[in-house]
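Notes to accompany the following structure.
The values are calculated or read from the model by the stated rules, or taken from the named source; none is laboratory data. Since the structure is predicted, the reported quantities are computational estimates derived from the model, not experimental observations. With ideal geometry, Cβ positions are generated from the backbone for all residues, glycine too; neighbour counts draw on all protein chains shown. Please note that ligands, DNA and RNA were not included when accessible areas were found on the heavy atoms of the full protein model with its side chains. Shrake-Rupley method; radii C 1.70, N 1.55, O 1.52, S 1.80 Å.
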Amino acid sequence: MQGRLLDWLVERGDLSPAEAERLRREQRCDGRPLRELLLERSGVSEERLLEAQSAVFALPTVCLYAREIPPELPGLLRPELLRSHTVLPFALDPAEGGTLCVAMNDPMNLRGRDLVEIAARRPVRCYLATTSDILIAIDRCCGSGELQEAAVRFAAPETPQSPGEDAEVSRSPVVMLVRALLEQAVRRRASDIHIEPTAETLRVRFRVDGVLRCVGSYDLRLLNPVVARVKILSGMDIAEKRRPQDGRFSAEVDRAAYDIRVSVLPTACGEKCVLRLAPKQFLRRSKESLGFAPEELRRFARILSRPSGVVLVTGPTGSGKSTTMYAALSELNREERNIVTVEDPIESRLDGVNQVQVNPRANLGFAAALRAILRQDPDIIMIGEIRDGETADIAIKASITGHLVLSTLHTNDAASSVTRLLDMGVESYLIADAVSGVIAQRLVRRLCRHCRRPSAPTPGEAACLGLDPETAARTVLYAPGGCPRCGGSGYYERVGVYEIMELTPTLREMIVRRASTEALRREALRQGMQTLAEGVRRLVLEGVTSVQELRRVIAGEGAAPSD
């Protein structure tokens, strides 16, 4: 049946035969469910996979995001069973003697179906729904109650307020509260959790699709035990409250593994704790699934196909640079190649790749690690970030001696990367000789497809998009709405936009002459480079994102138009 699923997607053009064969091989090697590999390693969306499963397995689908689910139905089963098998009862069919209608994400999960039938003591009829739809619905039915229950249990006078590591630790209210926060953050697609004290309360905020949202305020007495619990998990000193600390730990939520980086900072009201959540599998996506346009994919492939040279990925913090780098590494990872990385921190473990963690206490910085790596007979080197002239100089010289070097820089666009390297003291002729290409990128929010609203462009929006009046009259744009699926924001997930500057002989000559950033940008545009703003305009016209997101990107480039 799983083979038929791939055949269905190939027949409809969602996968190429080569991609389908690659997924078959990967599935045979690691034994993971094919649906998980499809979502992680191809451009197939959850919705398209749902359509394929429904056709192949002849099962109906259900959309849960706007459905009123009777509260007693999820109560028939333990929340742990709902989440471990990604199932949710959503209706009773009295016409069939009280048959329980259950949403599932995997039609092959027969054990989950049997457990629901046994626990509910009713016959079950299965419907298919996306994983995210089911988990959001479970969180809506059970999540807030679990979080509040843990907070109430902690506040009870008889409850111990120490997060001690004893036999009962897993049932401690503080442990339950921290666990509930992690689970709720994952199910709301948060990238960061902010646990911060104010003068009177403990405020918790989640960053979802790049925007912070307050999810609750709790008794300030929770602060010290919660922070202590997080410190224990991440290997910090729980007695030290006067200086900042950093740590990390791993956790599993809904059968997915997460790397969690923790930062604790003393503030006037107490210690603030920020947890950054990184799905371990997310950084192993193919570059085809990252949002590159077809021409951009071809340019990227040409840059990566060269045996030597420096490939730079640039953008501000949180713009998806690490995801792009790991996608490139996954593609380049072959048995005949020795790939070594130096990172701070290591974002995700890659089989077959030698990954080195920067350790300042052992005098192992980027430059020192690079010198050692060059004695390890590498073919490909990945540097987490070029931060100083010494690292930049070693990276450039490594590429000239026959190595492919991938790294990141913090610049606003592709052309500015050359100026940044010059400012670090790298000679212009070395930059011209070594750099193969630069990829600048941003992340923009996708409109929620379930609640986006069509509208005609206003004169200001038409000007922002560069549309003449006649074209604007025929154009339909979309604006954010708001529904339970997207948490009322009107946006659901993010997509990358890219600016790829492939160095040609003309650009190399200009770099040697130390041409200005603006001159390099004009020449790259003349040779076909698409700017970040043009990439967002394309997504706006395709209905993927909104004019507001376009204005945000243009404002970041210093030229925000007004309506």
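The table below lists the values:
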item: Exposure rank, largest accessible area first [D246, D114; 1.4 Å]; result: D246, D114
item: Those residues of the range 70-99 whose amide nitrogen sits under 15 Å from the label point placed on F57, 7 Å along Cα→Cβ; result: 85-89
item: The range 367-414: trypsin sites (Lys or Arg not before Pro) in DSSP coil with no more than 12 other Cβ atoms inside 10 Å; result: R375
item: Gain on full stretching of the segment that runs from C483 to E509 - 0.36 nm per residue minus C-alpha separation; result: 4.0 nm
item: Given K280/K321; K231/K321; K241/K272; K231/K272, the pairs whose alpha carbons are separated by over 18 Å; result: K231/K321
item: Phi to ³J(HN,Hα) by Karplus 6.51 cos²θ - 1.76 cosθ + 1.60 over the range 400-408, Hz, x for Gly, Pro; result: 5, 8, x, 10, 8, 10, 10, 7, 10
item: The range 504-519 versus the range 329-383: alpha-carbon centroid distance in Å; result: 31
item: Mean-position separation - Cα centroids, the range 174-192 and the range 229-268, in angstrom; result: 13
item: Listed candidates [x] 0.98; [y] 1.10; [z] 0.95 - label of the one calculated as Rg/Rh (Cα atoms, Kirkwood Rh); result: [x]
item: Segments 253-263, 32-42 sorted - mean Cβ within 10 Å per residue, highest first; result: 32-42, 253-263
item: Chain lengthening between L265 and R375 when straightened (0.36 nm per residue, less Cα-Cα); result: 35.7 nm
item: Inter-label distance, nm, simple model (7 Å from Cα along the C-beta direction), R334/R4; result: 3.7
item: Relative contact order of the range 1-140, pairs being alpha-carbon contacts under 8 Å that are 6 or more residues apart, as %; result: 23
item: Solvent-accessible area per residue for the chain (1.4 angstrom probe, square angstrom); result: 45
item: Coil-residue GluC sites (Glu not before Pro) of the range 273-367, DSSP, other Cβ within 10 Å capped at 12; result: E335, E336
item: Length released on extending from S84 to R221, taking residue separation times 0.36 nm less the Cα-Cα span; result: 46.1 nm
item: Helix-only mean residue ellipticity at 222 nm for the chain, each DSSP H run of n ≥ 4 adding -39500 (n - 2.57), per residue, nearest 500; result: -11500 deg cm²/dmol
item: Förster radius 45 Å - calculated FRET efficiency between D237 and N354 (Cβ-Cβ, nearest 0.05); result: 0.90
